[in-house]
Amino acid sequence: MFAPERIRIIKGILLDKKHINVSDLSAMLNVSEVTIRRDLEKLEKEKFLTRAHGGAILMDHNHDETEDDSVTTDDPFFEDRLEISEIAFHMIEDGDIILLSDGPTNQCIAKKILSKRNITVLTNDLNIASELSSNASIKVIIPGGDLDSKTMTLAGKLTEENIRRFFVEKAFIEVDGASIQRGYTVQSIEKASLIQEMTKITKESIIVCHHKSFNNIAFSQIGPLGMAGKLITTPRIPDEYKNYLFNNNIQLFTAFNAYEGGI
């Protein structure tokens with residue numbers, strides 16, 4: 001059984017029972033207790049649980065429960081976003097300077113990296129900024145600009161001008177569509193223009209999107225699939241895109257191989 005599936009099962013049991021036992025999980029999932037302890041350690045770093053003697057206890061998240069439940073219920077791609085955020089978590093090191101463009105998947109990444117230390121995050125998404133504010137060791141930079149009150153994101157000429165003042169090591173760019181013919185696309189002209197500026201100030205561009213984004217063309221084009229050297233998605237990506245990415249030396253990361261050390 002792959003680690004993402006184990007993690008999902010462990011989370012489900014914890015949400016239901018509030019506590020779990022290492023030996024019971026080992027027998028249930030048919031893996032060693034060492035592997036289970038490693039999974040629990042990972043979830044503890046994500047502040048999902050607290051390890052106790054012989055097992056673990058669900059961490060109290062009373063202030064987030066209402067919001068998280070609504071996201072899980074209303075978002076059909078919630079599990080996909082969690083898997084993508086797990087991969088991104090392992091790409092980000094303590095001390096990194098990164099960029100997170102606006103979007104629900106990058107919001108999941110923000111939640112995931114709360115256990116990181118001494119990282120700097122540049123973002124135009126106020127939801128992401130708010131999420132990261134709970135960790136004092138994470139420095140958050142907001143570029144300013146015109147606020148979209150519906151999405152709580154910043155865009156426009158002022159945002160683009162301010163973005164040009166910075167440089168980051170890794171930019172996680174969330175897109176709405178991915179097509180071999182039209183490349184990466186998003187729903188608005190303003191967002192496309194801002195993302196194009198974001199890709200100019202980073203050492204490494206990393207695209208994030210769920211599998212339903214493929215063969216989907218949104219309103220405004222950002223650039224060809226080759227504009228980024230890495231893509232994080234879920235295993236259900238169409239085979240034609242797997243072949244295209246491989247033939248064009250674009251690294252593909254999916255939930256399964258991220259845990260097993262592949263690309």
Could you sort 107-114, 200-207 so that the peptide with the highest average Cβ count within 10 Å comes first and the rest follow in order? 107-114, 200-207
Per residue, the convex hull enclosing the Cα atoms of the range 134-263 spans a volume in Å³ of 135 Å³
Between the alpha carbon centres of the range 180-209 and the range 89-166 the gap in Å comes to 16 Å
Shape call for the range 3-58 from the C-alpha gyration tensor, a ≥ b ≥ c root eigenvalues: rounded (a/c under 1.5), prolate (a/b greater than b/c) or oblate? rounded
Largest fluctuation, Arg81, Arg165, Arg117 only, Gaussian network model of the chain with Cα springs under 10 angstrom, belongs to Arg165
List, in the order given, every pair from Lys17/Lys112; Lys111/Lys170; Lys11/Lys242; Lys42/Lys139; Lys116/Lys139 whose Cα-Cα distance in the structure shown is over 20 Å. Lys17/Lys112; Lys11/Lys242; Lys42/Lys139
5 angstrom amide H check on Leu49, placed H, neighbours 5+ away: Glu44, Met59
Near the amide H of Gly55, under 5 Å away, which other amide H atoms are found, from residues 5 or more places off or on another chain, if H is placed in the peptide plane? Val22
Suppose a student asked you for the relative contact order of the range 3-58, using Cα pairs under 8 Å spaced at least 6 residues apart; what percent would you report? 38 percent
Which whole-number percentage describes the relative contact order of the chain, with Cα contacts under 8 Å and a sequence gap of 6 or more? 14 percent
Quick one: which of 154-160, 208-214 comes out on top by average Cβ neighbours within 10 Å, and what's the full order, highest first? 208-214, 154-160
Structure-derived Cα extents along the principal axes in Å - corresponding label in (1) 67, 51, 27; (2) 55, 41, 34; (3) 46, 38, 38: (2)
Two pseudo-spin positions, 7 Å from Cα along C-beta at Lys47 and at Gln196, lie apart in nanometres by 3.8 nm
Once you put a point 7 Å from the Cα of Ile57 and another 7 Å from the Cα of Lys157, both along the Cβ direction, what distance in nm separates them? 5.8 nm
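Laboratory data are not the source of any read-out in this text; all were calculated from the coordinates shown. This structure is a prediction, so every number in the text was calculated from the model and none was measured. Positions of Cβ are generated from backbone atoms using ideal geometry, with glycine treated the same way; all protein chains shown enter the neighbour counts.
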